[in-house]
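Since the structure comes first, as structure tokens, the remarks are kept for the end.
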Number of protein chains: 2
Amino acid sequence: CCAVAAAAASLCSVRGLPFVRNLSNEPQDNYGRSGLSHITVAGAVSHGMKEIELWLQTFAPGTRTPIHRHSCEEVFIVLKGSGTLLLASSSHKYPGEPEKYQISVNSTFSIPVNDPHQIWNTNENEDLQVLVTISRPPVKIFIYDDWFMPHTAAKLKFPYYWDEECFHTPKDEL
Amino acid sequence: CCAVAAAAASLCSVRGLPFVRNLSNEPQDNYGRSGLSHITVAGAVSHGMKEIELWLQTFAPGTRTPIHRHSCEEVFIVLKGSGTLLLASSSHKYPGEPEKYQISVNSTFSIPVNDPHQIWNTNENEDLQVLVTISRPPVKIFIYDDWFMPHTAAKLKFPYYWDEECFHTPKDEL
Ligand SMILES: [Zn+2]
Ligand SMILES: [Zn+2]
């Protein structure tokens, strides 16, 4: 039990982390999503952030985020690869057919608050890597099955903590 | 007059900007600081951000930020080059001799709220490029002349808008 728990705890506590960290050494996980690599660059649980979070996410070819919306601000910068941003409106009963934007290295965009969106690695040959910044952690996220599901039917997940497992780490291991 | 003002206006209004922008085409300026290149990736004035701002900053060899503090959160990621982070405490009468941290590509760190700090490109041969995220724009910044100036004597600049010139653009040019 305890070596595993201690190892998990060491990823979850800001205590004991060096002040300057190296992103290439940071723990990554797919959090149950095949083809995803997520690194919490600066997070509420892991690093004590209160107003912003930064994530480094890599999507294998063909993989995508769920269709989702949130009321926090979110800014993307594409660091590697290319893909498609799908974006719909919050002003009708359901998102409807989304606008599609091609994105590639050095692309940056800010998701309008509450607009349903999805990031999709539509490049068959390359990983898509993005740096994501969000405001007001933890995210309150609404997830859609498809673009024609009513906004009111989208499934709420709150709080959305990537590193929520840290909450379950036994206190005496910390 | 008008072509220049119109050009400035086009950098200052979120209207007319493509939704997905390419960072390599974004306007940069040194804002009066020799050796600095600043790009507002996502900003309050330029892009209507309310809760976060992202900046891409490049420091020529030997150049540095002022010594400063702010109560907003700030996260750095080093994209190119190397340098030194200088960091002091807010818990004494003045900052005092700062801690020095070497930083290089893939380094990330979050500045503790209200702690005086300075980023310095101490590498003689290479530019230092960092991606900066801050919360709650506009920044309320306190600037120190040196590490031994009392916190209470630090000079307030508020609001600190990189793109404040946008405020002065004649309305009829927008
Ligand atoms: Zn999102
Ligand atoms: Zn700062």
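The numbers here are math on the coordinates, done by the rules we state, and not lab data. Source: prediction; values computed, not measured. Virtual Cβ from ideal backbone geometry, glycine too; neighbours counted across all protein chains shown.
Of the residues that sit in segment A:108-164 and are part of a loop (DSSP other than H, G, I, E, B) and β-branched (Val, Ile, Thr), which one is farthest from B:PHE19 (Cα to Cα)?
Let us first name the residues in segment A:108-164 that are part of a loop (DSSP other than H, G, I, E, B), namely A:112-116, A:121-127, A:136-138, A:145-150, A:154, A:161-163.
Now restrict to residues that are β-branched (Val, Ile, Thr): A:113, A:122.
Numbers: A:VAL113: 14, A:THR122: 19 Å.
Ranking the qualifying residues of segment A:108-164, first place goes to A:THR122.
Evaluated against (1) within 14 Å of ligand 2 (Cβ to nearest atom); (2) surrounded by fewer than 18 Cβ atoms within 10 Å (Cβ to Cβ); (3) assigned to a strand (DSSP E or B), B:GLN102 falls short on exactly one condition, (1). Inside segment A:20-46, residues that are of a type in the set (A, V, I, L, M, F, W, C), in contact with a helix residue (DSSP H, G or I) (Cβ under 9 Å, 6 or more places away or on another chain) and free of Cβ contacts under 8 Å to residues at least 60 places away in the same chain make up a count of 1.
Residue-level check: of (1) assigned to a loop (DSSP other than H, G, I, E, B); (2) surrounded by fewer than 20 Cβ atoms within 10 Å (Cβ to Cβ); (3) within 9 Å of another protein chain (Cβ to nearest Cβ), A:TYR31 misses just (3).
In segment B:105-132, the qualifying residues are those that are over 27 Å from B:LEU156 (Cβ atoms) and touching a helix residue (DSSP H, G or I) at 6+ places or on another chain (Cβ under 7 Å), and the one that is farthest from ligand 2 (Cβ to nearest atom) is B:ASN106.
Those residues that are more than 11 Å from ligand 2 (Cβ to nearest atom) and not in a loop (DSSP other than H, G, I, E, B), I need them from segment B:48-72; list them, please. If the condition is that a residue be more than 11 Å from ligand 2 (Cβ to nearest atom) and not in a loop (DSSP other than H, G, I, E, B), then B:ILE52, B:GLU53, B:LEU54, B:LEU56, B:THR58, B:PHE59, B:ARG64 are the ones that fit.
Within segment A:85-93, can one find any residue that is in a helix (DSSP H, G or I), among the polar types (S, T, N, Q) and exposed (fewer than 14 other Cβ atoms within 10 Å of the Cβ)? I'd like the intermediate steps shown before the answer.
Residues of segment A:85-93 that are in a helix (DSSP H, G or I), as a first pass: none.
For segment A:85-93, residues in a helix (DSSP H, G or I), among the polar types (S, T, N, Q) and exposed (fewer than 14 other Cβ atoms within 10 Å of the Cβ): absent.
Considering A:VAL45, A:VAL75, the condition of being of a type in the set (A, V, I, L, M) and assigned to a strand (DSSP E or B) is satisfied by A:VAL75 alone. If we scan segment A:104-114, do we find a residue that is closer than 20 Å to A:ILE141 by Cβ, within 13 Å of another protein chain (Cβ to nearest Cβ), touching a residue at least 12 places away in the same chain (Cβ under 8 Å) and within 10 Å of ligand 1 (Cβ to nearest atom)? Yes: segment A:104-114 contains one or more residues that are closer than 20 Å to A:ILE141 by Cβ, within 13 Å of another protein chain (Cβ to nearest Cβ), touching a residue at least 12 places away in the same chain (Cβ under 8 Å) and within 10 Å of ligand 1 (Cβ to nearest atom).
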